[in-house]
Structure formats: structure tokens, C-alpha cells
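Note sheet for the following structure.
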Amino acid sequence: MVTGAVAAIAYGEPRMTNDVDVVVRLAPGEGRALAAVYPAAEYYVPPIEVIEQERQRRRQGHFNVIHHDTGLRADFYLIGDDPLHQWAWERRQTASIGGDAIWFAPLEYVIIRKLEYFEHSGSDRHVRDIRGILRISGGDVRLAELALDGVALRECCSEALERLSHRKFVSEKPKMVLSRRAGRRVKDETHVAERRAGRRSATLAGIRRRQPPTRRSRGWR
């Protein structure tokens, strides 16, 4: 099940990315079959023992596969007993790409994971991805389903989810307010724009003061 940036592009707006995030459910012994899909001469694949160890984790099981020539990476996340993984898996969407059927995570899941990534990294690209999803597919977002289904969302996302449910990421584009792990950060783009406009006005005023006197100011008629 594809998620992350590739899913954000599918639901929202295009951008560049060099990796793909995939949620997988592996039964015992299936790690070897997955590794066999990627030839060792072309890809880095972790040892089978590592894949099996990650598969057995109840939560946050993860490994990646990397293409040697391009550096492109696939990050695999094991479902385990993560309730949000399980919620998304039951509601995955199918899309046809190049004639192949591809499973995509539901867009609500993509949004929430993007919020979590933002909490960890602070990168604005996750916020841009969310805005793109809401701008293109916002009418299909049903965040309330997550609460109704009893999914245990992280506390750090609760305020942002409430804002998203009111479409404030779209209706208030200049402003973005999200909780951060180290407290609260308020990013007010409107204030920044006003300060820049003020500096431009001051610069123009200075230029006007330095202009040579006009014919009228010299007493000419």
C-alpha cells in the first residue's frame, strides 16, 4: 500500500521525490520472497534476518531497499498492530498506473502521517503536501471516520486534525498553526509579508528623498 510523498502527489499536486513509502503485511517467511524481487546486483536489500526481525515488531517495523545506480529508495513499513496502519489497510484505494493495479493508502491516512512527519522534522514540504491534497481532493476527506472508529491518534496531531476538518489549511493559506514536539510554534506568513512590504516602503521613501529637486522646487516657472 503506497503512502508518503507518492500518495500525496496522487491525491494532490506534483513535486519531485526520490523515495516511495510502502506499508506491507508480511506473513512468516514472506520476507525472503520480497527480497527475491530485487536482484542483489542492482539493489541493496537488508539481510533476511533483519527483515524478519522488523516483521516481528508490534509497531514501527521498518526496512528499506535502495537502487544502486540512482539512489532511489523504497521504505517498507510493517503493519504490526498499529491501529492507524490497520485502519488504512482496510480502506486502501486501487488505482491503475501503466496498466498495473496499485494500492494507495486512503488520503486521511496520508494527511495524518504527513502531520507526524512534520512534528518530527519541521519540514514545510509536508505542509505543502497537505495543502495540495486538500486543494485537489479536499472534498473527499473524512477525518471524522478516524475518531468514530476509535483509532488512537497521537495527541500532537489533535489540534491540527481539528483545523484540517474546518479546511483552515485552505481557507487561511497565509497562516499555518501546528503543534511542535518542543512546544508551540506559530508561523504567521502574513506578518512576514507585512514586514517585507514595510521595508520596501521605507526603501522607496529613501529613494524619493534622494531624487534631485524638480523645476518647481528651484523656483522655476
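The values are calculated or read from the model by the stated rules, or taken from the named source; none is laboratory data. Remember, it's a predicted structure, so these values are computed and weren't measured experimentally. Neighbour counts are summed over all protein chains in view; Cβ atoms, including those assigned to glycine, are modelled from backbone coordinates with ideal geometry. We work out accessible area using only protein heavy atoms, side chains counted, and drop any ligands, DNA or RNA first. Shrake-Rupley method; radii C 1.70, N 1.55, O 1.52, S 1.80 Å.
On the stretch given as the range 22-55, residues that are of a type outside the set (Val, Ile, Thr) and touching a residue at least 60 places away in the same chain (Cβ under 8 Å) total 1. Is there a residue in the range 21-38 that is farther than 21 Å from ASP100 by Cα, open to solvent by less than 70 Å² (accessible area, probe 1.4 Å), in a helix (DSSP H, G or I) and of a type in the set (D, E, K, R)? No, the range 21-38 has no match at all.
Restricting the search to the range 58-71, which residues are part of a loop (DSSP other than H, G, I, E, B) and either closer than 25 Å to ALA40 by Cα or polar (S, T, N, Q) (or both)? Passing the criteria: GLN60, GLY61, HIS68, ASP69, THR70, GLY71.
Take the conditions (1) surrounded by 20 or more Cβ atoms within 10 Å (Cβ to Cβ); (2) modelled with pLDDT of 95 or more; (3) among the small types (Gly, Ala, Ser); ALA88 misses just one of them, which is (2). Condition check for HIS120 on (1) assigned to a strand (DSSP E or B); (2) surrounded by fewer than 16 Cβ atoms within 10 Å (Cβ to Cβ); (3) not acidic (Asp, Glu): one failure, at (1). Do we have any residue at all in the range 3-18 that's at negative phi, crowded, with 17+ Cβ neighbours inside 10 Å, touching a Leu at 6+ places or on another chain (Cβ under 9 Å) and without any contact (Cβ under 8 Å) to a residue 60 or more places away in the chain? No, the conditions are met nowhere in the range 3-18. Go through the range 113-140 and give me each residue that's touching a Phe, Trp or Tyr at 6+ places or on another chain (Cβ under 6 Å) and basic (Lys, Arg). Listed by number, the list holds a single entry, ARG131.
Of the candidates ILE136, ILE111, ILE48, the single residue that is open to solvent by 10 Å² or more (accessible area, probe 1.4 Å), β-branched (Val, Ile, Thr) and within 17 Å of ILE9 (Cβ to Cβ) is ILE136. A single member of ALA101, ALA74 is among the small types (Gly, Ala, Ser), outside any loop (DSSP other than H, G, I, E, B) and open to solvent by less than 40 Å² (accessible area, probe 1.4 Å), and it is ALA74.
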